[in-house]
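Everything below concerns the one structure shown next.
The values are calculated or read from the model by the stated rules, or taken from the named source; none is laboratory data. These figures come from a predicted structure and were not determined experimentally. When we count neighbours, we look across all protein chains shown, and the Cβ atoms used for this are built from the backbone with ideal geometry, even at glycine. With ligands, DNA and RNA removed, areas are computed over all heavy atoms of the protein, side chains included. Shrake-Rupley method; radii C 1.70, N 1.55, O 1.52, S 1.80 Å.
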Amino acid sequence: MAYILKGNQQRVVLSLILFLTGFLIRLFYDANILSPGPFLDYREYIFSTDKNFAAIIIDTTMVGVLLFSTYFIIDFIQKKNTVAIYNILISLVVLIPTILAWSSLNSRAAWISLAISSLFIVIILMFQTKQQGFTKKYAIVFFIFFISVISLALLVRGDMIISKLTSESKTWQAILSMDLENIPKTSIGLRIHMWHYAIQLWLQHPLLGHGLNITHLTSNIPAEMGFKGFANLHNAYLEILARTGLIGLIFYISALFITLKAVFKAYTQHYIPLFLFIFFIEILLIFLFNNVSVGFIFFQHGWQYIVLFGGIAYSYRYAQMKPEGE
């Protein structure tokens, strides 16, 4: 993926447009507008797979559309031309179905990840805008725009979102009181028990782990533990340690490092604009946040996410960048 794109801006933009087009086509299909069926029923499955594996795709699209809509608004404020107006209208047309999809999620991780990553956007804009000839007011533009979008999402599905976020108060009480033995077998509670089991697995083979397939280990867990037969341990970092050990973890960290290095070099040499740079950072943040509670790095859509967005980001390793200071 990286070698095909080679950091060519036209190819990168085309890849992102194709991704967005495929996303919108899938939303149209799931909305059942031309056929009988529920409207965006994403309570259990998204894009024909587990919602925890696929919610990150909607998160990424949401933050991308928010970010570039803000860019178009800024462009209109600066230039006040017709093209900028058209760009804003197109971004809003894309944003509406994306908000509907995001508000339909039944995933706390996806909702919280978007909120935290958007806070990072505001922080980056506050500190980086002067280098791009902008002022800090554009960070405020994004913040106001983000709050408006979230308010619209709450207006559409507020009851469901709030109910989901507040549904495990007893579990949190047990966790905060460090009463780990009596944590209920709820969605969050099961994750705590899984993580404890994952640490035990890793300590058995700390260097090389148990191998990429650990289904035979999770299928033998006593049924009373509550997560017998799960395909993953719901934490990518513990998952990597349990499967590949410390040596495998080094490979993943190395891949992360060389990809980030390529993106930072492209930005510092003014090969990519600020908003595209922020988008790449957001892709990483959403990926890292979601992997705290879902170990989808080995699963659909986890590896697909890495191939697509990791490939786009690393493609700048092959780009012919401008010399420093040019």
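Which residue is nearest to L276 (Cα to Cα), if the candidates are limited to region 41-55 and must be touching a Ser or Thr at 6+ places or on another chain (Cβ under 8 Å) and open to solvent by less than 10 Å² (accessible area, probe 1.4 Å)? The extreme case among them is A55. For G37, indicate whether it is at positive phi, in contact with a helix residue (DSSP H, G or I) (Cβ under 9 Å, 6 or more places away or on another chain), open to solvent by less than 10 Å² (accessible area, probe 1.4 Å) and of a type outside the set (V, I, T). In short, no.
Checking each residue in region 6-36 for being in a loop (DSSP other than H, G, I, E, B) and under 22 Å from F47 (Cα atoms) picks out A31, N32, I33, L34, S35, P36.
Tallying residues that are touching a residue at least 40 places away in the same chain (Cβ under 8 Å) and among the aliphatic types (A, V, I, L, M) within region 5-20 yields 4.
With region 229-326 as the region, which helices (runs of 4 or more DSSP H) entirely inside it contain at least 3 residues that are among the hydrophobic types (A, V, I, L, M, F, W, C) and in contact (Cβ under 8 Å) with a residue 12 or more places away in the chain?
Details: elements: 236-268, 274-290, 302-305, 311-314.
In region 229-326, 236-268, 274-290 are the helices (runs of 4 or more DSSP H) which contain 3 or more residues that are among the hydrophobic types (A, V, I, L, M, F, W, C) and in contact (Cβ under 8 Å) with a residue 12 or more places away in the chain.
Please verify whether F127 is in contact (Cβ under 8 Å) with a residue 12 or more places away in the chain, of a type outside the set (A, V, I, L, M) and open to solvent by 60 Å² or more (accessible area, probe 1.4 Å), treating the condition exactly as stated. Give the steps one after another, and end with the answer.
Numbers: in contact (Cβ under 8 Å) with a residue 12 or more places away in the chain: no; of a type outside the set (A, V, I, L, M): yes; open to solvent by 60 Å² or more (accessible area, probe 1.4 Å): yes.
Taking the combined requirement at face value, the residue does not satisfy it.
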